[in-house]
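Shown next, in structure tokens, is the structure this report addresses.
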Amino acid sequence: MNIMNVDYDGLIPNNVDLGKDVRVKKALEKWHPGFIDWWFDMGPEGFQASDVYLRTAVSVDPKGWAKFDYVKMPEYKWGVLLAPQVEDRKIPFGVHKGEKAWQEVPGEYRAMLRRLIVIQGDTEPASVEQQRYLGKTAPSLYDLRNVFQVNVEEGRHLWAMVYLLQKYFGADGREEAEALLQRRSGHPDTPRMLGAFNEKTPDWLSFFMFTFFTDRDGKMQLEALSQSGFDPLSRTTRFMLTEEAHHMFVGETGIARTIERTCEAMKTAGITDPNDKAAIRKLGVIDLPTVQKKANLHFSLSLDLFGNEISTNAANAFHAGLKGRYREDKLDDDHQLEKGTYPVLRLVDGAIVKQDTPALSALNMRLRDDYVADCNAGVARWNRVIEKYGVPFQIKLPNVAFHRHIGEFASIHADFDGKLLSDTEWEKRKGEWLPDDDDRQYIESLMRSEFTPGKYAGWISAPKVGIDNKPGDFEYVKIHE
Ligand code: BYC
């Protein structure tokens, strides 16, 4: 079968010759009804009968892999798509560097590999669950379509991980695949595995921040997994990254459009002080200090997703050749890291200091530093919108010690700049940096749907271009309830 083209005949579109792989095909077909039940129970509330203008992957050819059309979400073609196999690919790092990439699970690393795949898989349905209620307050049909696009693709990413579990991990893979449908974001007894995926995404500002910050963690982790010596994981995550780019686009432009509308409204009203919250909120837009607070919250929650500063898990996964660094193939070193150090911010005797640490143990931090640089580039693009309006305000990212729940800084409190605070000071001052009840209520009050084609809620501006170059008044979702 041509790897570029997808077999659309069966229940599960795929480019892995599922038709010939009876065991895996059966396992996936058995898993499918549970997935659909989960989608109805935990996927977008309402709109399941609506026609949504969605992108579906129909090929893995970088030049034209997707087609756009109206689809009812439950009928979306979730499938299994792997980037083309690189001929004669070698394991690019770790102790097996230079050996032939694995096409089957290396027995000695089975448990470690399964854990990485399960954690990755768990985040995908979790985010759909978190975004379940956003539809009814969407600021436009364009945005409504975008959240649904993100949701169906996260669903497909779950399929991608489930395929790996079913194909390569036998009975325990099947059990893990079932468990991925059982855990629930925020559930007191059966929560999702990583902290940020148990938080709420209660409003559209949170959604845009989530897709900017948390999906960007997704990008970094997928990039690291795409370097894997286990070739099926590498190929799967490489194709997932193609879809992931749109999710970050939704977040980045969502916040940029929010900021733009605020600056525009301030200008029209002649308000020059960006901190005059009361006056700005009277205009029905989101003041920039509140945007900053939301950024602080989502950035700090996403930093937690990189794990501990010093991690033997990360060192073992790299050493084994399972999880590499960001763009490992572009780095110029020995790709083994048995020697050498990496500077890591640590808590030493009550102070935050940079400490040289064995490079292998510091891999989570290396990935996190690359992540922070990537976030900063996006934040700079937001600031350019603010500058364009001459508003004296800049969005900044807080210190990595701020508001942490995983790693060294989980045990202390720090302010925005990383200055340590006592528990009492933190309680007294945290509202300066994190959204408080007043901010939440204000944002909530703006969350009213706007479903007229071409119209946008008053707190956000229209996008510069439509999806698939559609005109401004295109009906991205035909709502039939
Ligand atoms: N929450 O050795 P350490 C995405 C646990 S997002 C709870 O530092 P490690 C997406 C850890 O499990 C990307 N527990 O951990 C985005 C370990 O437990 P055990 C998702 C945590 O393994 C938006 C212990 O603490 N993909 O795709 O080096 C929408 C020791 O920690 C947390 C991946 O994450 C936490 N935050 O690093 C949709 C890739 N952090 O083993 C999708 C796969 C740590 O002692 N995962 N712990 O019981 C990994 O690479 C790593 O497991 C982690 C953690 C980076 C998550």
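The values are calculated or read from the model by the stated rules, or taken from the named source; none is laboratory data. Bear in mind that the values here come from a model prediction, so they are computed numbers and not experimental data. Note: ideal-geometry Cβ built from the backbone for every residue, glycine included; neighbour counts use all protein chains shown.
I'd like to know if region 95-107 contains one or more residues that are assigned to a helix (DSSP H, G or I), surrounded by 24 or more Cβ atoms within 10 Å (Cβ to Cβ), among the small types (Gly, Ala, Ser) and out of contact with any Phe, Trp or Tyr (no Cβ under 6 Å at 6 or more places or on another chain).
No, there is no match, as no residue in region 95-107 is assigned to a helix (DSSP H, G or I), surrounded by 24 or more Cβ atoms within 10 Å (Cβ to Cβ), among the small types (Gly, Ala, Ser) and out of contact with any Phe, Trp or Tyr (no Cβ under 6 Å at 6 or more places or on another chain).
Of the residues that make up region 114-124, is at least one of a type outside the set (Ser, Thr, Tyr), in a loop (DSSP other than H, G, I, E, B) and under 12 Å from Ser228 (Cβ atoms)?
no
Please work out which residue is surrounded by the fewest Cβ atoms within 10 Å (Cβ to Cβ), limiting yourself to region 33-72 and to residues that are at negative phi, part of a loop (DSSP other than H, G, I, E, B) and at pLDDT 95 or above.
Ala49
State whether one or more residues within region 315-322 are in a strand (DSSP E or B) and among the aromatic types (Phe, Trp, Tyr).
No, region 315-322 contains no residue that is in a strand (DSSP E or B) and among the aromatic types (Phe, Trp, Tyr).
Kindly state which helices (runs of 4 or more DSSP H) lie completely within region 133-230 and contain at least 3 residues that are under 14 Å from Leu116 (Cα atoms).
Fully inside region 133-230 and qualifying: 141-168, 170-182, 215-226.
Going residue by residue through region 352-369, is there one that turns out to be touching a residue at least 12 places away in the same chain (Cβ under 8 Å), away from the ligand (no atom under 15 Å from the Cβ), within 21 Å of Ala401 (Cβ to Cβ) and among the β-branched types (Val, Ile, Thr)?
The answer is yes; a qualifying residue exists.
Each row is one residue, and each column tells you yes or no for (1) farther than 23 Å from Gly195 by Cα; (2) more than 16 Å from the ligand (Cβ to nearest atom); (3) free of Cβ contacts under 8 Å to residues at least 24 places away in the same chain.
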{"residue": "Ala224", "(1), (2), (3)": "no, no, no"}
{"residue": "Thr236", "(1), (2), (3)": "yes, no, no"}
{"residue": "Glu244", "(1), (2), (3)": "no, no, no"}
{"residue": "Met266", "(1), (2), (3)": "yes, yes, no"}
{"residue": "Ile271", "(1), (2), (3)": "yes, yes, yes"}
{"residue": "Pro274", "(1), (2), (3)": "yes, yes, no"}
{"residue": "Ile280", "(1), (2), (3)": "yes, yes, yes"}
{"residue": "Leu288", "(1), (2), (3)": "yes, yes, no"}
{"residue": "His298", "(1), (2), (3)": "no, no, no"}
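Which pairs have Cβ atoms under 7 Å, sit 6 or more apart or on different chains, and link a residue in region 156-167 that is farther than 18 Å from Val58 by Cβ to one that is at pLDDT below 95 and small (Gly, Ala, Ser)?
Pairs that qualify, where the first residue is farther than 18 Å from Val58 by Cβ and the partner is at pLDDT below 95 and small (Gly, Ala, Ser), are Gln166/Ala27.
Which of the residues that make up region 383-408 are over 29 Å from Leu420 (Cβ atoms) and of a type outside the set (Asp, Glu)?
Arg384, Val385, Ile386, Lys388, Tyr389, Gly390, Val391, Pro392
Scan region 186-214 for residues that are under 30 Å from Leu446 (Cα atoms), surrounded by fewer than 23 Cβ atoms within 10 Å (Cβ to Cβ) and either modelled with pLDDT under 95 or of a type in the set (Asp, Glu) (or both) and report the count.
4
Could you please let me know if Val400 is assigned to a helix (DSSP H, G or I), within 21 Å of the chain's Cα centre (by Cα) and either β-branched (Val, Ile, Thr) or at positive phi (or both)?
Taking the combined requirement at face value, the residue does not satisfy it.
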